[in-house]
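Encoded as structure tokens, the structure appears first; notes follow it.
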Amino acid sequence: MNNFISKKLVTVTLFSLWFITGCASVPLSSTEPDKLTVNVSVVAEEDRQTIDIFLKRGFWGQPVRLDSADDALLTVNSGETKTLVAARKDGRYGLKLKQGSFAQRLDITGVGGVNVPPLPQVVLTDKETLENQVFFKSDQLILRLNESSADKRHLAFSVKCGRIISSTNIDISKSARTYSLSMADIMRRLNNSAEADLTGMLPIKMSLVESAIVNWPPPFVAQQLIAKDSTDFFIDTSGFKFTGSITIKPSSAVSLLLTNRKWPVTYCY
């Protein structure tokens, strides 16, 4: 009993320490350099580029706030220097650049700076043929792909079904010029991610994503440096569905074994 109470007190103490240190932000000027982490995210799309950084300290990820608005400066391709805007969440700062403007360098006062690699515009070639179209699980499409110089490339899919938000990625080769897109495979992956059998007229967002991989010196961490192009379409899962397999019995008789759905059915409206 005493041992149980002791463990409970330790758990409460650790939670209290996390609550105190993890929620309250500290100024950048009071943060030890070896405990600082600056997570950087840059997302380039057709009409804009979004920069997001999050400064944190130590194991618990305590938010670190800038001492002044000019402590985080972004240099863009025109040579102009812009200040990042504080988000509602402590320690987070960001900026949205309009089409034609992109980040080249990020500098933080007293910490240092890093060069942002160029992120060439990504174009989803068959976007017009997919936009707002309705497909069935039996459909299979051939996507055309442009040549890529990115470090990595993948297709990203997401769906929202009531309170469920499910997503999945499919890695594709940088040198691939076409990709066979199976709607059945997409649904299998999304169902596995949601741990549900999503049923109905499902709104799917698909993005072609190309990413750069860099090793910046501490405390900077390239969380994601990506360029993408997206489109939306629907998958109609209506109709009778079952999974089956052919089993050969010792008598050589053939029987079809039907199996239950792997996940509970979730209807999307």
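Values quoted throughout were computed directly from the atomic coordinates according to the rules given, and no laboratory measurement underlies them. Predicted model, so just to flag it, every value in this text is computed and none were measured. Ideal geometry is used to build each Cβ from the backbone, glycine not excepted, and the neighbour counts take in all protein chains shown.
What the table shows:
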read-out	value
Subset of LYS82/LYS205; LYS137/LYS160; LYS56/LYS152; LYS137/LYS228 violating a 23 Å alpha-carbon distance limit	LYS82/LYS205; LYS56/LYS152; LYS137/LYS228
Column: log10 I(q)/I(0), Debye, Cα scatterers of region 84-124, q = 0.17, 0.28 Å⁻¹	-0.65, -1.11
Separation of the ASP236 and ASN169 label points, Cα + 7 Å toward Cβ, nm	3.3 nm
Cα gyration tensor shape of region 57-177, rounded if a/c is under 1.5, else prolate or oblate by comparing a/b with b/c	prolate
Overall form of region 183-235 per C-alpha gyration tensor (a/c, 1.5; a/b vs b/c)	prolate
Protection proxy ranking, peptides 52-61, 91-100, average beta carbon neighbours within 10 Å, highest first	52-61, 91-100
